[in-house]
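To start, the structure itself, in structure tokens.
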Amino acid sequence: MKALYDLPAPGKLNLFLHVTGRRADGYHLIQSVFMLVDWCDFLHVELRADGGLSREDLTTPLPADDLVLRAARALKEAGGTKLGAHVGVAKHLPSEAGMGGGSSDAATCLLALNRLWKLDLPLIELERLGLALGADVPFFLRGRNAWVEGIGEQITPIALPKGRFAIVKPPRGLDTRSIFAAPDLERSTPAAIISGFAAYDGASVDNFGFDYGHNDLQPVAERLCPQVSEAIQWLGHQGLRARMTGSGSSVFAAMPHESKLGHPPPGFQVRTCSNLSEHPLVGWSDESSGSVSKLM
């Protein structure tokens, strides 16, 4: 096997996101439901016998040392291989959008190179490498919608109904670090439990739990980037209830019925997506994610 092409790296939406505390090392503790969507980046991975690692930007230019290259270096070192790889990245997910695009790219890179280099590292080892790259990477490696806790490493797979969503990305992005560093960020939301989310009256296929919880990062994001509020208001004018995903700046709304969206404000990107029951590459490493809890 010399190459792997058209490998998807799907984005995610946070149905809610609570910050429940902060560890002594500064990392924030969260609770959230992460949901995969069919808006994807794509990776093309080719074997290099000379041991080198390189990346080609097939669409949007990426930073010189992005998470894909960092993931490749970490796996090469952990696996002790002398092989290398050339990775082409077709970027479609917006950056600084709260959709986990960079983390998803890194996860797909780890899964692909683990196979291409024939390392056969177990999923638990890939997760260890992934967590050092970014808190969302283990979720994408597990490959199933999940209830996520801790700093992102406590992952409980859940089943969600099929749904359709409108996603709006404002022209401006948001830096995750600036959100979590904000002094006015709420950091003490009471801890919840999965059964509470599942049993909540609002947790239905019609609104995907929009009556449950909130996104603690959203007030800070709206202060730093008023375009977040503008995107939420625009979706409201379409008759849809919107919420920010992750650390923003993208916002999303469930579309219980087929809706025709109007023209967004200038520069705003709008996309309709469906959720995924699992990552297209699920099973590319050993399965150790546990049973799936059916919710909603």
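None of the figures in this text is laboratory data; all of them are computed from the coordinates on show. None of these values were measured; they are calculated from a predicted model. Glycine also receives a Cβ, built like all others from the backbone with ideal geometry; neighbour counts cover every protein chain displayed.
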Name the shape class, rounded, prolate or oblate, that the alpha-carbon gyration tensor gives for segment 150-266, where a ≥ b ≥ c are the square roots of its eigenvalues, rounded holds for a/c under 1.5, and otherwise prolate holds if a/b is larger than b/c and oblate otherwise.
-> oblate
Mean separation of Cα contacts under 8 Å, 6 or more apart, over the residue count of the chain: relative contact order % | 25
Taking Cα atoms only, helix 67-79 is inclined relative to the longest principal axis of the chain by an angle, in degrees rounded to 10, of 50
Which ³J(HN,Hα) values, rounded to whole Hz and listed in residue order, are derived for segment 145-162 from phi using the Karplus coefficients 6.51, -1.76 and 1.60 in 6.51 cos²θ - 1.76 cosθ + 1.60 with θ = phi - 60°, glycine and proline given as x?
-> 3, 8, 8, 10, 9, x, 9, x, 8, 9, 10, 10, x, 9, 9, 10, x, 5
Taking the Cα atoms of segment 1-68 alone, what are Rg (to one decimal) and Dmax (as a whole number) in Å?
-> 17.4, 47
Connecting every pair of Cα atoms under 10 Å apart in the chain and solving the GNM, the largest mean-square fluctuation among A159, A181, A146 falls on A181
Estimated FRET transfer efficiency when R0 is 22 angstrom, pair D175-H214 (beta carbons, to 0.05) = 0.55
Chain lengthening between Q233 and S195 when straightened (0.36 nm per residue, less Cα-Cα) | 10.6 nm
What is the count of Lys pairs in the chain whose alpha carbons sit under 14 Å apart, if the two are 8 or more places apart or on different chains?
-> 5
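Would you mind putting 98-105, 54-61, 110-117 in packing order, based on average other-beta-carbon counts within 10 Å, highest first?
98-105, 110-117, 54-61
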Specify the residue with the greatest mean-square fluctuation among K91, K169, K82, computed from a Gaussian network of the chain linking alpha-carbon atoms under 10 Å apart.
-> K82
Pop a pseudo-label 7 angstrom from the Cα along the beta-carbon direction at both H92 and L185 and give the gap in nm to one decimal.
-> 3.1
Is any residue of segment 96-134 close enough, with backbone N under 20 Å, to a label point placed 7 angstrom from the Cα of R73 along the Cα-Cβ axis, and if so, which?
-> 102-114, 117, 126-134
Any idea what the dipole of the chain comes to, in debye rounded to 20, about its Cα centre with Lys/Arg Cβ at +1 and Asp/Glu Cβ at -1?
-> 180
What is the calculated FRET efficiency for D50 to E153, with r their C-beta to C-beta distance and R₀ = 41 Å, to the nearest 0.05?
-> 0.75
At 7 Å along the Cα-to-beta-carbon direction for both A24 and K118, put a label point, then send me their distance in nm to one decimal.
-> 4.7
Take the chain, connect every pair of alpha-carbon atoms lying under 10 Å apart with a spring to form a Gaussian network, then pick out the residue of A64, A221, A253 with the largest mean-square fluctuation.
-> A64
For the chain, what is the calculated [θ] at 222 nm in deg cm²/dmol (nearest 500), taking -39500 (n - 2.57) for each run of four or more DSSP H residues and dividing by its residue count?
-> -7500 deg cm²/dmol
Write out the chymotrypsin sites (Phe, Trp or Tyr not before Pro) in segment 14-114 meeting two conditions: DSSP loop, and at most 14 other Cβ atoms within 10 Å of their Cβ.
-> Y27
